[in-house]
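In what follows, a single structure is set out as structure tokens and then discussed.
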Amino acid sequence: MAIYRRDYWEAARIDSLPEKMRLIVFDATVNQGVSSAIIMLQNAVGVSGDGIVGARTLDAISKWRVDDLLEVYIRARTNRYFATKNFDRFGVGWITRLISVSVASKVTT
């Protein structure tokens, strides 16, 4: 647990994100890499991706309706999976994982 907290949760500043975005971004950091997860989020909110959740990223996030951002982020993750080299081998598992995390994220209050 300490590794997940330090290397993924804290590295991506998950606590600073809207509650509904936390699980799906955290899962992306573990499954797709911290930098990739953050860059997907930054691209989703229209800021240039540097892989760091800072004031500029958080300000851009605050301008979004969270449910809309969640949908855009789910699409971004899906597209990245489809573009990944081993999608033919692992894609069903990746998409199944994303669906499960997406459903859980949507029910977060």
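If only one of ALA37, ALA11 is surrounded by 14 or more Cβ atoms within 10 Å (Cβ to Cβ), of a type outside the set (Phe, Trp, Tyr), under 10 Å from the mean Cα position of the chain (by Cα) and modelled with pLDDT of 95 or more, which one is it?
Values: ALA11 fails: under 10 Å from the mean Cα position of the chain (by Cα).
Result: ALA37 is the single residue among ALA37, ALA11 that is surrounded by 14 or more Cβ atoms within 10 Å (Cβ to Cβ), of a type outside the set (Phe, Trp, Tyr), under 10 Å from the mean Cα position of the chain (by Cα) and modelled with pLDDT of 95 or more.
Quick test for you: out of ILE74, ILE61, ILE39, pick the one residue that is farther than 22 Å from LYS106 by Cβ and touching a residue at least 12 places away in the same chain (Cβ under 8 Å). Talk me through it step by step, then tell me what you get.
Values: ILE74 fails: farther than 22 Å from LYS106 by Cβ; ILE61 fails: farther than 22 Å from LYS106 by Cβ.
On inspection, the qualifying residue turns out to be ILE39.
Tell me which residues, restricted to region 81-109, are crowded, with 17+ Cβ neighbours inside 10 Å and over 20 Å from ARG13 (Cβ atoms).
Taking region 81-109 first, the residues crowded, with 17+ Cβ neighbours inside 10 Å are 81, 94, 98, 101-102, 105.
Answer for region 81-109, where residues must be crowded, with 17+ Cβ neighbours inside 10 Å and over 20 Å from ARG13 (Cβ atoms): TYR81, TRP94, LEU98, SER102.
Looking only at region 40-70, how many residues end up being of a type in the set (S, T, N, Q) and either part of a loop (DSSP other than H, G, I, E, B) or exposed (fewer than 14 other Cβ atoms within 10 Å of the Cβ) (or both)? Give the steps one after another, and end with the answer.
If we filter region 40-70 for residues that are of a type in the set (S, T, N, Q), which is where we start, we get 42-43, 48, 57, 62.
Now restrict to residues that are either part of a loop (DSSP other than H, G, I, E, B) or exposed (fewer than 14 other Cβ atoms within 10 Å of the Cβ) (or both): 48, 62.
Here the count works out to 2.
The values are calculated or read from the model by the stated rules, or taken from the named source; none is laboratory data. Computed from a predicted structure; not experimentally measured. All Cβ positions, even for glycine, are placed from backbone atoms using ideal geometry, and neighbour counts span all protein chains on display.
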